[in-house]
Amino acid sequence: MATIPASALANRNKKHFLGVPAPLGYVAGVGRGATGFTTRSDIGPARDANDVSDDRHAPPAAKRKKKEEEEEDDEDLNDSNYDEFTGYSGSLFSKDPYDKDDAEADAIYESIDKRMDEKRKEYREKRLKVDLEKYRQERPKIQQQFSDLKRNLVSVSEEEWQTIPEVGDSRNRKQRNPRAEKFTPLPDSILSRNMGGDTTATLDPRSGLASMVPGINTPGMLTPTGDLDLRKIGQARNTLMNVKLSQVSDSVGGQTVVDPKGYLTDLQSMIPTYGGDINDIKKARLLLKSVRETNPNHPPAWIASARLEEVTGKIQMSRNLIMKGCEMNPQSEDLWLEAARLQPADTAKAVIAQAARHIPTSVRIWIKAADVEDELKAKRRVFRKALEHIPNSVRLWKAAVELENPDDARILLSRAVECCNTSVELWLALARLETYENARKVLNKARESIPTDKQIWTTAAKLEEANGNIHMVEKIIDRALVSLAANGVEINREQWMQEAIEAEKSNAVHCCQAIIKAIIGIGIEDEDRKQTWIDDAENCAKEGAYECARAVYAHALQIFPSKKSIWLRAAYFEKNHGTRESLESLLQKAVAHCPKSEILWLMGAKSKWLAGDVPAARGILSFAFQANPNSEDIWLAAVKLESENQEYERARRLLAKARASAPTPRVMMKSAKLEWALTELDAALNLLEEAVKVFPDYSRLWMMKGQIEEQQKKPDRAAETYASALKKCPSSIPLWLLLAKLEENRGALTKSRSVLERGRLRNPKTPVLWLAAVRIELRAGLKDMANTLMARALQECPTAGELWAEAIFLESRPQRKTKSVDALKKCEHDPHVLLAVSKLFWSEHKIQKCRDWFNRTVKIDPDLGDAWAYFYKFEQQHGTDAQQAEILQRCVAAEPKHGEEWCRVSKAIANWCFKISDILLATAKEVSCPN
């Protein structure tokens, strides 16, 4: 038999992968469940080369050796061992002998160095220690990071140590304790199902399933030799459970302990309602227990402990704690009040009674004692008992009086003011319950007891006014100021003004006027009186104290009877807050003191005319003519009065006289307008042609002339008129708009664009011209061109509300809301933007929001007629008759004059006699609902 060489045998047993490079991604031992790890040699040192040395764990010998090496290095690298050319080297004087003088010199230098080093040693060591500690905190060692976990290993038991899994053994985690057995009970549905295709309810002990039922093959137990009936086992288990529940729920002493049907519901209700961390509760409980044991006489600790138990649902423990705290601190009213709060109603009475015995002078405890009583009679009895112990408590007297009827309350108050004679409230309450004569006596006693309180004096003044003694009111207020000043009380003007406002709110008009008259000049310089009094009147009007404001104006007009500004403010105040009679009476006094003030005459005439008294209005204007001859405003007011009352011939004669005596542009314009309104177009044109020669720079004359020519179907002449007007008035925006509109109506769209372009060049940054250009493109059906123009317009006029309002509705419906947000950011308080947002909400059928935004719009700018028209249209669709009437009334009061839609109606010559209400109704009919 041939022998196999050893080399061949070695090659045959050699593995094929030996010496072959590992495939990509290969990790040794991963197939056995091992995981790779990295050592410090793989990643390098854990510290940088420049780190501060950390040798706290080094042995002493190593530390000494390191120190000696550093000293040697210092000796080799000192200044004496340095050469400029060769650097550090040996000593330059090593060849010379080292004699006694050298040794002595070295000793001296060494002693000096040591002494200097000792001076800096303490600072250097301290600085090094601080740097080292800081470095150790910022970059601790790995062993320090796990030191706390290492210390916790002491508490690990042997079983916990055995259950720690192997490293990387996450796929096959097995318990190391093989002796631990687990039994999983099977439900009846699995055991009673069909096994092997046969219907059976028994289990063969020899089958594998038998081992899954505990007790069947257990040694020491009686194992049946036959089959096991599993259904009977389940039935027996249910029967046993019912028996146990029935036993527990039997009547013991007449009470049912457990309800079998509501068992789980009761368990659910036992879940604590506190949602915090249990560990926090335990820590808080231990901390509070420590505080209580350390200082048992500290009431807040007992209260905090009781509230903690209350929050966690242990109400009985909370009650026990608080009662123990009351035993330890019987003089703490906070503890007793907390105990009464925690106890049920029947027990709280006993607790608060015990508290009252310990602290009979506590007002809070007596009030709590009255609160826990249910019957009114018992409450009264408690308060009277409390007043026996604390007769000087104002709070108890007030609470007791509130429970009595007026007769008994008066008796109680008479006793209360004896015990508490410094309480203003008790004195005033007693005065209110007494008759007039007795109330005067009570207030006199109150003034004697409390001579420094002004409220007693003002109450006395109100009392006299209420009983008709008006002449006494002013005397009492004057005496009050003298008496208070004599007793050292500072007369605070602001406080007395507030007192006057309060007096007016209590319907004591004469009292408030007397207070204003007495204190209005206190502490004010002469040069500041006028403005200060005007501010006072405005502040009173803002707070609704109109009588106080009227009294301030009356006093100011007595001091400054010739000041037209004060008369005007007073007149506007009466117009807004007074009656027609009060306004006319004030205006009569005003024109008597200021006859040269035209506006006061005109306000008086208008008031008479609105009241329907035309002859009286004519009389006022005739007196105004005498005081102000050749006044343009008075002439025109007289013309308006006659034309409004259809006295056209009288109006023509007045205008003729005005043109002869005072030929102003407005007089010429009103003359031509009257003829135009009466359809005398030729006469109107003659007047206008004469007027434009005399006043060529008054644009309204040119505009009227062109409009009359358009009405006569003479567009060429109208275009020539507008062109001539623009040469004289290039800054008149309405003229540019009229010419562009005329060219558009004639079909010359290009010429209309050119007109607006020239207008924008002559008047840059004018939003109205840009808006007209955009609308021309929209009417022509060129929406893209309109969007382009709008973008250019917003770049030139970024804060123009008219442009933003139009831009919102240029967008598609989904984009309008975003555009409105941008508009509000650019011009937040612009009325045109607010009106556009209101219309947007209207189109989305958001009724309440739309109404709110309409109110904001008319509040910010009540002069914008378009807002009132849209608001009224909205209320016609979605509001009631009362809401429509309110909007109409508010609009008439505001008297708006501006707005595109509003002016289109109000400026129409056919509507020249329309009043504000007529214009509103007509404009609301013209405007359309947004879509």
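Here segment 316-350 and segment 594-644 have alpha carbon centers that stand 83 Å from each other. Which of rounded, prolate, oblate describes segment 803-883, given a ≥ b ≥ c as roots of the alpha-carbon gyration tensor eigenvalues and a/c under 1.5 marking rounded, otherwise prolate only if a/b is larger than b/c? Oblate, since a/c reaches 1.5 and b/c is not below a/b. How would you classify segment 686-760 from its alpha-carbon gyration tensor, with a ≥ b ≥ c the square roots of the eigenvalues: rounded for a/c under 1.5, else prolate if a/b is greater than b/c, otherwise oblate? Cα axes put segment 686-760 in the oblate bin. Peptide packing for 356-364, 600-608, 149-157 was compared via the average number of neighbouring C-beta atoms within 10 Å per residue; ordered from the highest value, the list is 600-608, 356-364, 149-157. Segment Phe625..Lys542, full-extension length gain: 26.2 nm, with 0.36 nm per residue of separation and the alpha-carbon distance subtracted. Spacing of the modelled spin labels on Lys114 and Arg381, each 7 Å from Cα toward Cβ, amounts to 9.9 nm.
For segment 808-931, the Cβ-based charge dipole about the Cα centre amounts to some 340 debye (Lys, Arg positive; Asp, Glu negative; other atoms uncharged).
Pairs with C-alpha atoms separated by more than 27 Å, drawn from the list Lys575/Lys897; Lys728/Lys765; Lys673/Lys859; Lys849/Lys907; Lys693/Lys765; Lys873/Lys897, are Lys673/Lys859; Lys849/Lys907; Lys693/Lys765. Applying 1/(1 + (r/R0)^6) with R0 = 51 Å to the Cβ-Cβ distance of Asp407 and Asp682 gives a FRET efficiency near 0.05.
The stretch between Thr664 and Lys713 holds 14.7 nm of extra length on full extension. This uses 0.36 nm per residue minus the Cα-Cα distance. Quotient of the Cα radius of gyration of segment 423-581 and 2.2 N^0.38 Å, N being its number of residues: 1.11.
In what order, largest first, do Thr459, Thr857 sit by accessible area if the probe radius is 1.4 Å?
Descending order: Thr459, Thr857.
Using Cα pairs under 8 angstrom and six or more residues apart, how large is the relative contact order of segment 477-537, in percent?
Averaging sequence separation for qualifying contacts and normalising by length gives 29 percent for segment 477-537.
Given R₀ = 51 Å, what would the calculated FRET efficiency be for Lys134 paired with Lys825, taking r from the Cβ atoms and rounding to 0.05? According to the calculation, E is roughly 0.50.
Maximal additional length on extending the Asp526-Ala103 stretch stands at 142.4 nm, based on 0.36 nm per residue less the C-alpha distance. For the pair segment 769-827 and segment 674-701, the centres of their Cα atoms are 37 angstrom apart.
Here the simple spin-label model places points 7 Å from the Cα toward Cβ, and for Lys915 and His878 these points are separated by 3.0 nm.
Checking a compactness column here: for segment 450-508, what do you get for Rg(Cα) / (2.2 N^0.38 Å), N being the number of residues?
Working it through for segment 450-508, the quotient is 1.08.
What's the carbon and sulfur percent of segment 523-608's accessible surface, probe 1.4 angstrom, rounded to a whole number? Carbon with sulfur: 49 percent of the solvent-accessible area.
Rolling a 1.4 angstrom probe over the protein heavy atoms with all chains in place gives segment 521-653 an accessible area of 52 Å² per residue. Ranked from largest to smallest solvent-accessible area, with a 1.4 Å probe on the protein heavy atoms, Phe146, Phe871 come out as Phe146, Phe871.
The residues of segment 713-837 expose on average 51 square angstrom of accessible surface per residue, using a 1.4 Å probe on protein heavy atoms.
The packing ranking of peptides 294-304, 633-643, highest mean first, is 633-643, 294-304, where packing means the average number of other beta carbon atoms within 10 angstrom of each residue. Per-atom-type breakdown for segment 782-893 gives carbon and sulfur 51% of the accessible area (1.4 Å probe, protein chains only). In this simple spin-label model, placing a label point 7 Å from the Cα along the Cα-to-Cβ direction at both Ser843 and Ala616 gives a separation of 5.1 nm. Accessible area ranking (1.4 Å probe, heavy atoms, ligands and nucleic acids excluded), largest first, for Arg717, Arg136: Arg717, Arg136. Sorted on the mean count of surrounding Cβ atoms within 10 Å across their residues, most packed first, peptides 667-673, 558-564 read 667-673, 558-564. For a straight C-alpha distance cut-off of 18 angstrom, the lysines reachable from Lys282 (same-chain residues fewer than eight places away being disregarded) are Lys314. Calculate, for Leu149 and Asp334, the FRET efficiency according to 1/(1 + (r/R0)^6) with r their C-beta to C-beta distance and R0 51 Å; round to the nearest 0.05. Efficiency for this residue pair is about 0.65. What is segment 322-372 by shape, rounded, prolate or oblate, if you read a ≥ b ≥ c off the alpha carbon gyration tensor as root eigenvalues and call it rounded for a/c under 1.5, prolate for a/b larger than b/c, and oblate otherwise? In terms of gyration-tensor shape, oblate. Solvent exposure of segment 286-359, expressed per residue, is 52 Å² of accessible area, with all protein chains present and a 1.4 angstrom probe.
Given that compact globular proteins tend to follow 2.2 N^0.38 Å, what is the ratio of the alpha-carbon Rg of segment 588-690 to that value? Mind dumping the intermediate values first?
Numbers: Rg = 14.1 Å, N = 103, 2.2 N^0.38 = 12.8 Å.
Relative to the rule-of-thumb radius for its length, segment 588-690 sits at 1.10.
The values are calculated or read from the model by the stated rules, or taken from the named source; none is laboratory data. Predicted model, so just to flag it, every value in this text is computed and none were measured. Using ideal geometry, Cβ is built from the backbone for each residue, glycine included, and neighbour counts are taken over all protein chains shown. The protein model used for the area step is the full one, side chains on, heavy atoms only, and it has no ligands, DNA or RNA in it. Shrake-Rupley method; radii C 1.70, N 1.55, O 1.52, S 1.80 Å.
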